[in-house]
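Worksheet: one structure, shown below.
No value in this document is a laboratory result; all are computed from the given coordinates. Every value quoted in this text rests on a predicted model; they were computed, and no experiment measured them. FYI the Cβ positions are ideal-geometry reconstructions off the backbone, even for glycines, and counts take in every protein chain you see.
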Amino acid sequence: MEADSKPVIFHLKRTWKKSNGQVVNLYDETKMGRKTSEYREDSEYWRSILKRQPKKAWFVTGYPKENKPHLEAEITEIVYHEYIGYIEIRFRNAREVS
């Protein structure tokens, strides 16, 4: 199957509380290169989107009503963790785009 040039859009929560109680800003963590994987539930919906073999990912905070800056990254690998029911999307070179 040929790779798709249309990006996959991931809607992020602004902050996330880690198991150790630390609150992190997911958008900033992605922008700074500390977050390099995104996880989604292994479902028919996500399998249908990812079977196109997308090469780009966009990250936005929430569901913006207007054109706000977003992050664009290169997808490097898609890993199906069937034993835990999640899909891991690995990416690199996230940069902010207006």
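Of all the listed residues (Ile49, Ile84, Ile78, Ile89), the sole one being without any contact (Cβ under 8 Å) to a residue 24 or more places away in the chain and not acidic (Asp, Glu) is Ile84. Check off (1) under 23 Å from Trp16 (Cα atoms); (2) touching a residue at least 40 places away in the same chain (Cβ under 8 Å) for Lys55 and give me the number that stays unchecked. Unmet condition: (1). So is Pro69 in contact (Cβ under 8 Å) with a residue 24 or more places away in the chain, surrounded by 15 or more Cβ atoms within 10 Å (Cβ to Cβ) and in contact with an Asp or Glu (Cβ under 9 Å, 6 or more places away or on another chain) or not? No: the conditions fail for Pro69.
Pairs are defined by a Cβ separation below 7 Å, a sequence spacing of at least 6 or placement on different chains, a first member in the range 17-35 that is part of a strand (DSSP E or B), and a second member that is among the polar types (S, T, N, Q); the pairs so defined are Val23/Thr15; Val24/Thr15; Asn25/Thr15.
Looking across the range 14-33, not a single residue is loosely packed, with under 10 Cβ neighbours inside 10 Å and within 20 Å of Val97 (Cβ to Cβ). Please work out which residue is farthest from Pro7 (Cα to Cα), limiting yourself to the range 43-98 and to residues that are outside any strand (DSSP E or B) and among the polar types (S, T, N, Q). Among them, the one singled out is Ser43.
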